[in-house]
1. Looking only at the stretch 79-103, count how many residues are over 16 Å from residue 32 (Cα atoms) and either in a loop (DSSP other than H, G, I, E, B) or at pLDDT below 90 (or both).
2. Name every residue in the stretch 165-175 that is loosely packed, with under 15 Cβ neighbours inside 10 Å and in a helix (DSSP H, G or I), in order of residue number.
3. Which members of the stretch 2-47 meet the condition of being surrounded by 13 or more Cβ atoms within 10 Å (Cβ to Cβ), closer than 13 Å to residue 64 by Cβ and either in contact (Cβ under 8 Å) with a residue 60 or more places away in the chain or in contact with a strand residue (DSSP E or B) (Cβ under 6 Å, 6 or more places away or on another chain) (or both)?
4. Would you check which residues across the stretch 187-201 are under 22 Å from the mean Cα position of the chain (by Cα), more than 12 Å from residue 162 (Cα to Cα) and surrounded by fewer than 19 Cβ atoms within 10 Å (Cβ to Cβ) and list them?
5. Does residue 226 satisfy the criteria of being under 18 Å from residue 156 (Cα atoms) and either touching a helix residue (DSSP H, G or I) at 6+ places or on another chain (Cβ under 9 Å) or in a loop (DSSP other than H, G, I, E, B) (or both)?
6. If residue 57 satisfies every condition in (1) under 22 Å from the mean Cα position of the chain (by Cα); (2) surrounded by fewer than 17 Cβ atoms within 10 Å (Cβ to Cβ); (3) under 27 Å from residue 208 (Cα atoms) but one, which is the exception?
């Protein structure tokens with residue numbers, strides 16, 4: 001598979017409805033073009049390509065959104081470097097790329113230096129890096145490996161979120177909230193700590209169009225799914241949100 005093959009595939013399978021949606025939200029596009037693909041379809045296509053860091057570097061230079069997303073999906077976490085991550089975070093043209101770059105089961109989150117990078121970016125003065133840092137923290141929170149950070153690590157980040165959330169933009173606050181949600185699903189101790197902060201933050205109204213409900217992390221952390229998963233005792237009914 002090469003860049004020309006991928007461009008041909010994108011042109012042949014472009015989605016008019018997706019393109020219309022893209023044009024409607026050009027303020028978040030960073031000037032990139034789009035063939036209207038959704039992430040699910042791009043993930044499926046990327047799996048047919050496999051890991052190809054050389055191709056990933058070529059695709060990243062494109063001004064087409066889908067090519068950049070495929071670049072992130074086919075890159076190899078074993079060959080990604082800290083320098084590459086620092087360069088790419090400077091080139092995230094709009095919020096759509098940032099989400100896949102650092103979250104959504106991101107390839108970068110599988111790099112061996114992910115904990116170090118997340119810690120560094122979370123404390124950055126750059127809001128893009130802070131948002132991506134919390135995206136990586138969310139991915140770290142999902143790890144079931146024996147080498148995953150301990151509770152003390154996550155509790156320190158919860159404390160930092162509690163101390164700094166009020167000063168963040170909506171985009172960074174959403175990333176913080178997502179990290180809290182991931183951390184709070186690990187065990188009872190972390191659930192209690194994350195829930196305390198989530199209640200203070202409250203629902204986050206992130207959609208200016210009003211089409212999506214505010215993000216309520218506390219609701220997620222007290223859902224029937226989480227309560228049953230962690231064996232939490234509650235004195236009042238919980239929601240059915242999973």
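The values are calculated or read from the model by the stated rules, or taken from the named source; none is laboratory data. For clarity, every value in this text was computed on a predicted model and none was experimentally measured. Note that we place each Cβ from the backbone using ideal geometry, even for glycine, and neighbour counts take in every protein chain shown.
1. 4
2. Matches in the stretch 165-175: 166, 167, 170.
3. Matches in the stretch 2-47: 3, 6, 7, 29, 30, 32, 33.
4. Across the stretch 187-201, the qualifying residue is only 187.
5. Answer is no for this residue.
6. For residue 57, the failing item is (3).
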